[in-house]
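Have a look at the structure below before the remarks.
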Amino acid sequence: MTDPLTIKLTDSLSRKKQEFIPLDPNHVKLYACGPTVYNYAHLGNGRMAVVYDLWARLLRHAYPKVTYVSNITDVEDKIITAAKESGQEIAVITEKYTKIYNDDMATLGVGLPDIQPKATEHIQEMIDQIAQLIERGHAYEAEGHVLFNVPSDPSYGALSGRSRDEQVAGARVEIAPYKRDAADFVLWKPSTNDQPGWDSPWGVGRPGWHIECSAMAEKHLGLPFDLHGGGADLKFPHHENEIAQSCCAHGHPEKVNSFANYWIHNGFVTVDGEKMSKSLGNFLLVHDLIKDHKGEVLRLALLSAHYRQPLDWSAQVLHQSQVLLDKLYTKLLELKDVQADIGEIPMSIMTALCDDLNTPLAIAELNKMLKEKEGVELKSQLLAVGSLIGILQENPDEWLVQDHSNIDVSKVEGLIKERAEAKKNKNFARSDAIRDELLSIGIEINDTRDGTTWQKT
RNA sequence: GGCGCGGUGGCAGAGUGGCCAUGCAGGGGACUGCAACUCCCCGUACGCCGGUUCGAUUCCGACCCGCGCCUCCA
């Protein structure tokens, strides 16, 4: 890598696309908020995982060392609810869904982050940070709770563009009486006997949601670090609060990038134009989708829109990804005997990815490349692109092989043989009838110079 | 109400001050006994109204429409 790559990204903090300049070019640090493990991961979780996995891959391509941290939230009130409803221990639930999450993401070609910290293993770090906030006058104890005092942070709202007053005006929930300010949020809350709890200077309790990411990012990456990512919905309040906690804990409330230098946010997945929700019954789980679709098809589909844009999931999106991957694997199969190592990423594709991870453009360039190049050059570049973006990792033979388990192969081949006879005798009426018959049982035939092949439609 | 995002050809989806996105679907052609596969070709898209400009889908302003967040959420 002689020529240093210039990566541009849209920074949510400055609201501008700008050049990424690492704090330390020898060690780039990325943090992305991971899932709360109380259920199967949905497509939105999948998109988040794929997007930041690709950011990590791109950064690794450009810099010698990258540490990518993405957490598992394993203490949260939804988990408590899930435990009560299912009668299972909390740890059983969180371990189960953590494993399923990682397995499902692996199917999407998502590598494990370099570090995957769990909230429950960082309670002490959270307590320490809360204590620091109290010490510096940014947090206070009230009725067993510890709250972050929003008015004590002059920079609060820098990320979301929301002032404290606006937040209060928009509040749709009742304001707890122990809050000094309506905008204050919980750092620590008391636990009853049937809720998970840890000893703390403020009694037995559990952390609020936002503090875990502040504590874990700092522990594993140090402050400040380069990039912090997550879903667009986390911008407020979660990320806003993370900034407040981390900057204030270290006495830099006015320096909003003293926590993370750049912020990146991915857009939502909608399904046929509607937001996924349980009530609409369009809540797509990765765990279900991988039963019917190959992981790479789902991954490519998730990358078919720019990561910051909303992505509308539909049969069409899947179809396009499937068709393209089939084409690519067919090409690789054709080039099976061509000796080629992983080559260079074509400039056009690299440029697209370096421009704020423009995957739709990169895919378009991939299509062009498929047309314009051939032989060793094509194969080596396909392998290079595939290994960077996380596709084409399967054996082409296996990818293209069909599942014939519920087909009467001998019958199909018998008919094809009969058709060949009919064709030889110029009995085209009979041969066409056979073709129609095969089609009616879902078999499509394909005459080639070397005979007739068939496949499921 | 506040904050933010977006409206591109049948669909998906980039991008740009003047020239090609790309893919899927569709149409035409080559090939084929006829098909399929493959290959080639094709469609004058940029929400609406003003403004700046020699020229705007692209810049500026107003308007209309859609979406997200403000409550747990990727």
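Just so you know, all these numbers are worked out from the coordinates, no wet-lab data involved. Since we're looking at a predicted model, the values are computed, not measured. Here the Cβ positions follow ideal geometry from the backbone for every residue, glycine too, while neighbour counts run over all protein chains shown.
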Checklist entry - Are there GluC sites (Glu not before Pro) in the range A:1-110 that DSSP puts in a loop and that have at most 13 other Cβ atoms within 10 Å, and which ones? => result A:Glu89
Next on the checklist: Using the Cα atoms of the range A:409-456, I'd like the radius of gyration and the largest Cα-Cα distance, Dmax, both in angstrom.
Outcome noted: 9.8, 27
Checklist entry - What ranking, highest mean first, results for peptides A:126-134, A:151-159 when packing means the other Cβ atoms within 10 Å averaged over each residue? => result A:126-134, A:151-159
Item to check | Peptides A:32-42, A:247-257 ordered by average Cβ neighbours within 10 Å, highest first | outcome: A:32-42, A:247-257
Checklist entry - So what are the ³J(HN,Hα) numbers for the range A:101-107, from phi and the Karplus equation (6.51, -1.76, 1.60; θ = phi - 60°), rounded to whole Hz, Gly and Pro as x? => result 4, 5, 5, 5, 5, 4, 4
Item to check | Reciprocal mean inverse distance between Cα atoms of the range A:376-457 - Kirkwood radius, Å | outcome: 15.2 Å
Next on the checklist: Please report the equivalent ellipsoid semi-axes of the range A:15-143, computed as sqrt(5 x eigenvalue) of the Cα gyration tensor, largest first, in whole Å.
Outcome noted: 29, 24, 12
Checklist outcome for this item: Rounded to a whole number, the Stokes-Einstein D of the range A:132-255 in µm²/s (Kirkwood radius over Cα pairs; 37 °C; 0.692 mPa s) is 217 µm²/s
Item to check | FRET E, pair A:His319, A:Ala232, Förster distance 25 Å, beta-carbon r, rounded to 0.05 | outcome: 0.40
Item to check | Difference of contour (0.36 nm per residue) and Cα-Cα distance, A:Lys84 to A:Leu23 | outcome: 17.4 nm
Checklist entry - Could you give the length gained on full extension between A:Lys368 and A:Val401, defined as 0.36 nm per residue of separation minus the Cα-Cα distance, in nm? => result 9.3 nm
Checklist entry - In nanometres, what is the gap between the two model label sites at A:Thr452 and A:Glu418, each 7 Å from Cα along Cα-to-Cβ? => result 1.0 nm
Item to check | Degrees between helix A:240-249 axis and first principal axis of chain A (Cα, 0 to 90, nearest 10) | outcome: 50 degrees
Item to check | Proximal lysines to A:Lys8, defined as alpha-carbon separation beneath 19 angstrom and excluding residues fewer than eight positions away on the same chain | outcome: A:Lys16, A:Lys17, A:Lys29, A:Lys65
Next on the checklist: For the pair A:Asp408/A:Glu394, report the inter-label distance in nm, with labels modelled 7 Å from Cα in the Cβ direction.
Outcome noted: 2.9 nm
Checklist entry - Of all DSSP beta bridges in chain A, what percent run antiparallel (nearest 5)? => result 55 percent
Checklist outcome for this item: Extend 7 Å from the Cα of A:Asn282 along its Cα-to-C-beta direction; within the range A:43-77, residues with backbone N under 19 Å of that point are A:43-48
Item to check | For chain A, with +1 on Lys and Arg beta carbons and -1 on Asp and Glu, the positive-most of A:Ile407, A:Asn71, A:His122 along the dipole | outcome: A:Ile407
Checklist outcome for this item: For A:Lys417, the aspartates and glutamates lying under 17 Å Cα to Cα, once residues fewer than eight places off in the same chain are dropped, come out as A:Asp408, A:Asp432, A:Asp436, A:Glu437, A:Glu444, A:Asp447, A:Asp450
Next on the checklist: What percentages make up the Cα-Cα pair-distance distribution of chain A when the bins are 10 Å wide from 0?
Outcome noted: 4, 18, 25, 23, 14, 8, 5, 3, 1, 0
Checklist entry - So which trypsin sites (Lys or Arg not before Pro) in the range A:1-105 end up in coil per DSSP with only 15 or fewer other C-beta atoms within 10 Å? => result A:Arg15, A:Lys65
Item to check | Length added when fully stretched, A:Thr351-A:Asn427, from 0.36 nm per residue minus Cα-Cα | outcome: 21.7 nm
Item to check | the range A:257-401: equivalent-ellipsoid semi-axes (sqrt of 5 x gyration tensor eigenvalues, Cα, Å) | outcome: 29, 21, 12
